[in-house]
Amino acid sequence: RFNIYRQTIFENMRNALQITFPDIWNLLGEECANNLAFAYCAHEKNLPKSGCLDDFGAEFPDFLLTIKQLQALPYLRDYAHYEWLKHLAYGAREAEHFSILELQNIPEAEIGNIKFVFIHACFLFASKFPINGIEKIATGASHQMIRLSNCPAYGIITRTQGFVQTRWIDEILWHFIKHLSNGYSLSDSTKYAQSLNENFDLTGAIAFLLQSQLINNIIR
């Protein structure tokens, strides 16, 4: 009887992982992915820390790195991390987004000193692998072969109106937003982006932030 309950618990955890990392199951196949899930659950340190399985699986991407048989798939850890961030975005708290009209009310002399507060459901993702292309293969949207080298991917994962989406952007814009999300002022973040590319388009970057509804508030 105890074994029956034990197997039920393990199956619930396996199912929770498959819900959180559906494309890992697509990429590896159900049998392989299930075996990995059970191996992950067999380690006490990986067991759920609470009764909410939505919080379960944070260490799964790094666990994939420890599997010798997966070393031929070096992108797998990053892809699993990408799916985990999408999972976090889906469960993040709702937050109002900042209006461009409010930005227009700030005196020009103060603009450079403002800091942006991002919505809760906003997560930055970067990988040296073309995760955006791999995603198309994993979801069946594409069957074309892709190069794994020299094809980094930079994305912003958000949830708006209950829908999780990833906006794939260029490297400089990603670093600009990363700098802002780390608490730097608009002026400091702009200087950093311009040090990477002197032709950085600040106006376009601000428009992207507002149109994508990524900003919750500003600090003056």
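Sort out which residues of segment 109-129 are part of a strand (DSSP E or B) and open to solvent by 60 Å² or more (accessible area, probe 1.4 Å), and write them in order of number.
Correct list: LYS115 only.
Looking at THR160, THR166, THR139, can you tell me which residue is of a type in the set (Ser, Thr, Tyr) and surrounded by fewer than 14 Cβ atoms within 10 Å (Cβ to Cβ)?
The match here is THR139.
So which of GLU135, GLU102, GLU59, GLU83 ends up being more than 16 Å from the chain's Cα centre (by Cα) and either of a type in the set (D, E, K, R) or within 17 Å of ILE157 (Cα to Cα) (or both)?
Step by step, each of GLU135, GLU102, GLU59, GLU83 is checked, and only GLU102 is more than 16 Å from the chain's Cα centre (by Cα) and either of a type in the set (D, E, K, R) or within 17 Å of ILE157 (Cα to Cα) (or both).
Can you pull out every residue in segment 27-56 that is hydroxyl-bearing (Ser, Thr, Tyr) and part of a helix (DSSP H, G or I)?
Answer for segment 27-56, where residues must be hydroxyl-bearing (Ser, Thr, Tyr) and part of a helix (DSSP H, G or I): just TYR40.
Taking the criterion of being open to solvent by 30 Å² or more (accessible area, probe 1.4 Å), hydrophobic (A, V, I, L, M, F, W, C) and in a helix (DSSP H, G or I), would at least one residue in segment 68-89 satisfy it?
There is at least one residue in segment 68-89 that is open to solvent by 30 Å² or more (accessible area, probe 1.4 Å), hydrophobic (A, V, I, L, M, F, W, C) and in a helix (DSSP H, G or I).
Listed here are the residues, each with its yes/no results for (1) in contact with a Pro (Cβ under 8 Å, 6 or more places away or on another chain); (2) surrounded by 17 or more Cβ atoms within 10 Å (Cβ to Cβ); (3) of a type in the set (Ser, Thr, Tyr); (4) modelled with pLDDT of 90 or more.
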site	(1), (2), (3), (4)
GLY29	no, no, no, yes
ALA37	no, yes, no, yes
PRO48	no, no, no, no
GLY51	no, no, no, no
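Those residues that are assigned to a loop (DSSP other than H, G, I, E, B), of a type in the set (D, E, K, R) and over 25 Å from ASN199 (Cα atoms), I need them from segment 130-182; list them, please.
Within segment 130-182, ARG147 is the sole residue that qualifies.
Name the pairs: first residue in segment 87-112 and within 25 Å of THR166 (Cβ to Cβ), second residue assigned to a helix (DSSP H, G or I) and of a type outside the set (Lys, Arg), Cβ to Cβ under 7 Å, at least 6 apart or on different chains?
Between residues of segment 87-112 that are within 25 Å of THR166 (Cβ to Cβ) and residues that are assigned to a helix (DSSP H, G or I) and of a type outside the set (Lys, Arg), the close pairs are HIS87/THR20; GLY91/ASP54; ILE100/LEU210.
The values are calculated or read from the model by the stated rules, or taken from the named source; none is laboratory data. Worth saying up front: this structure is predicted, and the values here are computed from it rather than measured. Please note: Cβ atoms are built from the backbone with ideal geometry, for glycine as well, and neighbour counts cover all protein chains shown. Ligands, DNA and RNA are excluded from the accessible area calculation, which covers all protein heavy atoms including side chains. Shrake-Rupley method; radii C 1.70, N 1.55, O 1.52, S 1.80 Å.
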